[in-house]
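Visitor: Take this structure first; my questions come after.
What follows is calculated from the coordinates using simple rules that are stated; it is not laboratory data. Remember, predicted model here, so these are calculated numbers, not experimental data. Virtual Cβ from ideal backbone geometry, glycine too; neighbours counted across all protein chains shown.
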Amino acid sequence: MLKRRQVLQLAATLPLLSAGAVGSATQPGPAPALNTRPIPSSGELLPVIGMGTSQTFDVPASSEALQRLGAVLQAFFAAGGKVIDSSPMYGEAESRVGDVLRTLSPRPPVFAATKVWTTGREQGITQMQTSAERMAVERFDLIAIHNLQDWRTHLATLKTWKDEGKVRYIGITTSHGRNHEELLEIMRKEPLDFVQFSYNMEDRAAEQALLPLAQERGIATMINRPYQRGSLFAKTRDQELPPVAAELGCSSWGQFFLKWILGHPAVTNLIPATSKVHHMQDNMQANFGPLPDSRQRAEMMRAFTAL
């Protein structure tokens, strides 16, 4: 954790960093409409592009880290970002998010999401309370059970917490292709607000059952690994964008990959992770402009597989 003196010193520098970081994103004129999707269980609208913190925010506390990550978060907020997802599994990520949020005044609206990733009822409660302290939130908007870890125990706690107003939404996640069958069974039986899993142009397993069931059951979906841990960019390096990209306002392959996912009607929110301002700015462009219809989405896939 950063010392109070460091936080106060750096609080004044973050607005300046963000002004230089977002640059062209703050041109005069009417602001473009923000792409949003509703949480089915409540109707609350969320911007479609959120932010993950796995690996990217897992860094030691330092003035340099706060400056760098603060500029990333400022670019995120400047482009309408709201959903920040973390986990105790991600090392120092929750703490670094909290370090930055404590410096922001006024504090931008945040949809704060984390996970419980331990075994045992009391251990789970302690971990969730610790996460709130680390991320500097009074009440989480969403707590999900990470990778189905002791899910029966934690889901019982989360149901109680939701009833008591200690958390707004509850869910469950898997960050890899395993455990889909168990996740599907939980989705069929339990009153979940959110599920989180991987989905991208190379990993389309979620189309078979997860996405259709989420749509049928009215469960919001949070999509991780939208770039397949960067492997999609290896395939498109030095390749020109296909004509369909211009129809959707995509100026980069990153935006192309994100908008293809958003073309699926069961997708609620995506959480790409980055620790670089220019990557954040690029990601956030998918928060605006047209999203693909079924024809455009099929054309996007044809163009990608042809590379």
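Visitor: When you look at residue 276, is it basic (Lys, Arg) and more than 21 Å from residue 146 (Cβ to Cβ), yes or no? Give the derivation first.
Guide: On the way: basic (Lys, Arg): yes; more than 21 Å from residue 146 (Cβ to Cβ): yes.
Judged against the criteria, residue 276 is a match.
Visitor: Please determine, by comparing only the residues of the stretch 195-210 that are part of a helix (DSSP H, G or I) and not acidic (Asp, Glu), which one is nearest to residue 263 (Cα to Cα). Talk me through it step by step, then tell me what you get.
Guide: Residues of the stretch 195-210 that are part of a helix (DSSP H, G or I), as a first pass: 205-207, 210.
From the residues that got through so far, the ones that are not acidic (Asp, Glu) too are 205-206, 210.
Details: 205: 16, 206: 14, 210: 16 Å.
Taking the candidates together, the pick is 206.
Visitor: Please go through the stretch 109-133 and give me each residue that is assigned to a helix (DSSP H, G or I) and hydrophobic (A, V, I, L, M, F, W, C), ordered by number. Outline the logic, then answer.
Guide: Restricting attention to the stretch 109-133, the residues satisfying the condition of being assigned to a helix (DSSP H, G or I) are 121-133.
If the condition is that a residue be assigned to a helix (DSSP H, G or I) and hydrophobic (A, V, I, L, M, F, W, C), then 125, 128, 132 are the ones that fit.
Visitor: When you go through 183, 213, 192 one by one, which is the residue that is in a loop (DSSP other than H, G, I, E, B) and not hydroxyl-bearing (Ser, Thr, Tyr)?
Guide: After ruling out the rest, the residue left standing is 192.
Visitor: Would you be able to say whether some residue in the stretch 220-238 is exposed (fewer than 15 other Cβ atoms within 10 Å of the Cβ), among the basic types (Lys, Arg) and in contact with a Phe, Trp or Tyr (Cβ under 8 Å, 6 or more places away or on another chain)?
Guide: So far as the stretch 220-238 goes, yes, one or more of its residues are exposed (fewer than 15 other Cβ atoms within 10 Å of the Cβ), among the basic types (Lys, Arg) and in contact with a Phe, Trp or Tyr (Cβ under 8 Å, 6 or more places away or on another chain).
Condition check ((1) among the acidic types (Asp, Glu); (2) more than 21 Å from the chain's Cα centre (by Cα); (3) buried (at least 16 other Cβ atoms within 10 Å of the Cβ)) across all residues:
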{"site": "143", "(1), (2), (3)": "no, no, yes"}
{"site": "159", "(1), (2), (3)": "no, yes, no"}
{"site": "168", "(1), (2), (3)": "no, no, yes"}
{"site": "190", "(1), (2), (3)": "yes, yes, yes"}
{"site": "214", "(1), (2), (3)": "no, no, yes"}
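Visitor: Also: For the stretch 216-262, name all the residues that are over 28 Å from residue 185 (Cα atoms), in a loop (DSSP other than H, G, I, E, B) and hydrophobic (A, V, I, L, M, F, W, C).
Guide: 241, 248, 250
Visitor: If you don't mind, there's one more thing I want to ask. Run residue 68 past the list (1) surrounded by fewer than 20 Cβ atoms within 10 Å (Cβ to Cβ); (2) in contact (Cβ under 8 Å) with a residue 60 or more places away in the chain; (3) outside any helix (DSSP H, G or I) and report the number of the one that doesn't hold.
Guide: The number of the failed condition is (3).
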